[in-house]
Amino acid sequence: MFLSIFDVFKIGVGPSSSHTVGPMVAAARFLQLLREGREVVPGAGTLARLGCSLHGSLAFTGKGHATDRAVTLGFAGFLPAEFDPIAAEAALADIEARGTVSPDGLGALHYRQSEDLQFDYDNALPLHANGMVLSAYDTSGNLYARETYYSTGGGFVLTAAEMAGNEVTAEEPSAPYPFKNASGMLEMARRSGKSIAEMKRENELHHMSREALESGLAKVWTVMNSSIERGLATGGILPGGLSFRRRAKAIHESLIAERGTNLAAPHTVNDWISVYAIAVNEENAAGGQVVTAPTNGAAGVLPAVLRYYLDHVPTARAEMVEPFLLTAAAIGGLIKANASISGAEVGCQGEVGSASAMAAAGLCAVLGGTPQQIENAAEIALEHHLGMTCDPVKGLVQAPCIERNGLGAIKAVSAASLSLRGDGVHLVSLDACVETMRQTGVDMSHKYKETSLGGLAVNVPEC
């Protein structure tokens, strides 16, 4: 599977790409399977009821990540990229009251979230930590159709059969620059004389028109920047029961007040970087619209670094948004293809670590870095997230997730700066670092992979 920039950057809804966006997409896919009459059990009667069971990490942290709501809304026809939160709340209340959903083309089907969706904590599915089984039944209660889906991070969804035969590739073999790893990417850049962004752009144009690419990139940045602005303007308490106070608005107001005074220390720029990231992840935690970059849990890192570049770097130019995003997507594709971006699979090193590497590469590129320096920037950022666990308190994408995005963004800026001070020659390659992340994820206890069974999740009181 070729990873387009629009696979890496998906417009979706919070709080989680793997636990909210993915399950909503899976429900939509299952409805389409039913419309097409595929996988119907021989001899089944008339379609009458829907059901779902959540497994592994989707079970353990599904309530905190709104997975149950996402499945229900998916059955009701909602899609992440077109999500309307007001309509969603009304639909959820109506479904629970009536006990039915009415997806297009299938009529009224019995479904009540409290009865027909189960959290199965005891039976993990074999191919990925984020597993779910969607079922349909006939009027006699007999099985009508069933499919297993895996939400593999960043909003990617695969069936069990697709998992078995799927090979993710950073770039398609028939594309002009089909690099599968960082060393191949650097060699192609050396031979062609092109930048990483230029190669990624030509690969994208192998699949879509120039207009589609440019308009899509513009929309991605518009949504990213809008999530920053909403987060900076909104106060209050985040949902979920932790009484977690939104901080971005107050921090931003204090930073604005310090402008033009002698109160701001040089390191205050770190607070600007952090507040942009915190704003996005507070929006994500509140169920707002964000862009996977490469996941929802890490959605604030890259927008924060890009906003830092545009607002705080004197030489910044708006036309550099495209090469920033293209470069970052190339790095994200390499990590996804050769390791993982899923917190449930490798811990938060795969989410915030990957996001930091992508952002570092993008910033290094727009500051004039060579391909070698860009690869070095990505490696520095990822290396210093190795081993980071995913241990959300109460299964919510709030603590430590929100602040962690701020620190991931600061690390990305530091990594880009350090790489630009060198010539790109360094000891640890990005490929070695990505493989180390994969191996570390394999060795990591499941308690620290988005199950809320270890770490901060068990050592911080929930109220």
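Among 440, 72, 292, what is the fewest-to-most ranking by other Cβ atoms within 10 Å? Kindly include the intermediate steps, with their values, before the conclusion.
Working: 440 17, 72 27, 292 30.
Lowest to highest Cβ neighbour count: 440, 72, 292.
Hey, got a sec? Which trypsin sites (Lys or Arg not before Pro) in the stretch 335-443 land in a DSSP loop and have at most 16 other Cβ atoms within 10 Å?
Working: sites: 336, 394, 404, 411, 421, 438; in loops: 421.
Sparse-neighbourhood loop trypsin sites (Lys or Arg not before Pro): 421.
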Worksheet item: Quick one: helix 268-285 against the long Cα principal axis of the chain, what's the angle to the nearest 10°, folded into 0 to 90?
Response: 10 degrees
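Under 14 Å from the Cβ of residue 437, count the other residues' Cβ atoms, weight Lys and Arg +1, Asp and Glu -1, and hand me the total. Walk me through the numbers on the way to the answer.
Numbers: positive: 336, 438, 449; negative: 345, 351, 379, 383, 431, 435, 443.
So the environment of residue 437 carries a net charge of -4.
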Worksheet item: Over 19 Å between Cα atoms, which of 63/449; 10/447; 10/200; 180/336; 180/219; 336/447 qualify?
Response: 10/447; 180/219; 336/447
Worksheet entry | Angle between the chain longest axis and helix 401-420 axis [Cα atoms, degrees, rounded to 10] | 30 degrees
Fill in: For the chain: relative contact order, % (alpha-carbon pairs under 8 angstrom, 6 or more apart)
19 percent
Discussion item. Could you tell me how far the Cα centroid of the stretch 1-62 sits from the Cα centroid of the stretch 183-250, in Å?
Written reply: 24 Å
Item to complete: Among (i) 83, 64, 49; (ii) 70, 51, 43; (iii) 80, 59, 40, find the value of Cα extents along the principal axes in Å that was calculated from the structure presented, and write down its label.
Response: (ii)
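Note down the net charge around residue 227, summing +1 for each Lys or Arg and -1 for each Asp or Glu among other residues with Cβ under 10 Å from its Cβ. Walk me through the intermediate numbers first.
Working: positive: 230; negative: 229, 282, 283.
Net charge around residue 227: -2.
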Fill in: Burial ordering of 388, 444, fewest other beta-carbon atoms within 10 Å first
444, 388
Worksheet entry | Label-to-label distance, nm, for residues given as residue 118 and residue 41 (7 Å Cα→Cβ offset) | 1.4 nm
Worksheet item: residue 418: net charge of surrounding residues, Cβ under 15 Å, Lys/Arg +1, Asp/Glu -1, itself excluded?
Response: -2
Discussion item. I'd like the Karplus ³J(HN,Hα) series for the stretch 8-17: coefficients 6.51, -1.76, 1.60, θ = phi - 60°, whole numbers in Hz, and an x wherever there's a Gly or Pro.
Written reply: 6, 9, 10, 7, x, 10, x, x, 8, 6
Discussion item. Order these by the 10 Å Cβ neighbour count, fewest first: 115, 282.
Written reply: 115, 282
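Considering only DSSP states other than H, G, I, E and B, which GluC sites (Glu not before Pro) in the stretch 153-192 qualify as loop sites with at most 12 other Cβ atoms within 10 Å? It would help to have the intermediate numbers written out before the result.
Numbers: sites: 162, 167, 171, 187; in loops: 167, 171.
Sparse-neighbourhood loop GluC sites (Glu not before Pro): 167.
Using helices alone, what [θ] at 222 nm do you get for the chain, with -39,500 (n - 2.57) per DSSP H run of 4 or more residues, divided over all residues and rounded to the nearest 500? Could the numbers behind the result be given before it?
Working: 20 runs with 229 residues, N = 463.
Result for the chain: -15000 deg cm²/dmol, rounded to the nearest 500.
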Item to complete: Specify the angular offset, from 0 to 90 degrees and rounded to the nearest 10, of the alpha carbon long axis of helix 196-205 from the longest principal axis of the alpha carbons in the chain.
Response: 40 degrees
Worksheet entry | Cα→Cβ-extended label distance, 7 Å offset, between residue 312 and residue 442, nm | 3.9 nm
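Each reported figure results from applying straightforward, stated rules to the coordinates on display, with no laboratory input. Predicted, not measured: the structure shown is a model, and the values here were computed from it. As a convention, Cβ positions derive from the backbone with ideal geometry for all residues, glycine included, and neighbour counts pool all protein chains shown.
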